[in-house]
1. Which whole-Hz couplings ³J(HN,Hα) result when phi for each residue of segment 209-223 is put into the Karplus expression 6.51 cos²θ - 1.76 cosθ + 1.60, θ = phi - 60°, listed in order with x for Gly and Pro?
2. Please arrange S2, S115 by counting, for each residue, the other beta carbons lying within 10 Å of its beta carbon, fewest first.
3. Taking a cut-off of 17 Å between Cα atoms, list the aspartates and glutamates near K170, but don't count ones fewer than 8 places away on the same chain.
4. Which aspartates and glutamates, if any, have their Cα less than 14 Å from the Cα of K112, not counting same-chain residues under 8 positions apart?
5. Mind pulling the per residue volume of the convex hull built on the Cα atoms of segment 149-206? Å³ is fine.
6. For the chain, what is one quarter of the convex hull surface built on the Cα atoms, given in nm²?
7. Check the straight Cα-Cα distances from K275 and name the aspartates and glutamates below 14 Å, setting aside those fewer than 8 residues away within the same chain.
8. For K112, K170, K275, what's the fewest-to-most ordering of other Cβ within 10 Å of each Cβ?
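What follows draws every value from the coordinates through simple rules; no lab data is involved. This is a predicted model, so every value here is computed, not measured. Because the Cβ atoms are built from the backbone with ideal geometry, glycine has one as well, and the counts that use them run over all protein chains shown.
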Amino acid sequence: MSFYVADEIASQPDCWQQAIGLVDTVADILPRPGERVAYVGCGTAWNISESIARLREDAGQGQSDAFVASEFPARRTFDRVVVLSRSGDTLDVVAMLHELAGRVPTLAFVGKERSTIGSLCDSQVALPFADEAGYAQTRFATSVLALHRAWLGEDMGPVIEQARDALREKLDERHVAAEQVTYLGTGWTIGLAREAALKFRESSASWAEAYPMLEYRRGPITVAQPGRMVWVFGEAPEGLGEQILDTGATLVESSRDPQAELVVTQRLALGRAMKLGLNPDRPRYLRKLPPGLVDPVLAAAVAAHRERLG
């Protein structure tokens, strides 16, 4: 049986290449050095927003924060708000933009040329080649991440090749059989760790967690045991790996680029779902609106926003 999400995971290297090709075209509307920027999203988009914010700040481009849309601190002062929404109709993002009411310049990254959120923001970058049919979002958010990494001066060529290699590798059946996974990251990879855990949970309805790497030993390690797995984005710091192995849990480390490693964790989530006989395109309790059907709450929020702006 073929799943949308399987094809979308496999298409990521090509999508990243296309996204990188947009950098020169969109550079003028991206945040300027020194601006205080808030990156905002929901679910996967929030996780990747956190990674982008950390990368931008670490690159010396200016203070960068990330927020889930429903908890955006509207009273804070930002020079620009950047939102990520594959559908372009994410209700919590629309509500946040309505609350901002044009007080802050806004930029949207969306998966469609025409969308509610794109029309509400001052400018937009559309990535229709990375739009997705599967609910478990993968290639849109990682394409936005690839674009930002290239914009910040990183050479994404080797990352794309590592992702292609990751797609060719055979999944370790011992990993697929693990009843629980904890993902660990540091710096910009904390967002990736959270995203890996989200994919594992929503695709396979299995237990997964994510923590900053050194925070793991301050309590969360107590759930580690044989039959469970700790997946590190990068290499575990000195001493932590030994602590994990002493619990009997499986430790997974990797020297590949963390974004390419995320592809492996996406494939793991898919493999786990298939092992359990689940449909990863239709996670439990999660549904999209059918094409053409407009959420009445969304429609009301958009109308109120436009009326307020005149």
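1. 9, 8, 8, x, 4, 6, 6, 4, 6, 9, x, x, 4, 5, 8
2. Working: S2 6, S115 20.
The most exposed by this proxy come first: S2, S115.
3. Those aspartates and glutamates meeting the cut-off are D7, E161, E253, E261.
4. Hits, sequence-local ones excluded: D89, D131, E132.
5. Numbers: hull volume 6.2 nm³, N = 58.
Output value, Cα hull per residue: 107 Å³.
6. Values: hull surface 64.4 nm².
For the chain, averaging the hull's shadow over all directions gives 16.1 nm².
7. Reachable aspartates and glutamates: D172, E173, E179.
8. Working: K112 18, K170 6, K275 14.
Ordered from fewest to most neighbouring Cβ atoms within 10 Å, K112, K170, K275 come out as K170, K275, K112.
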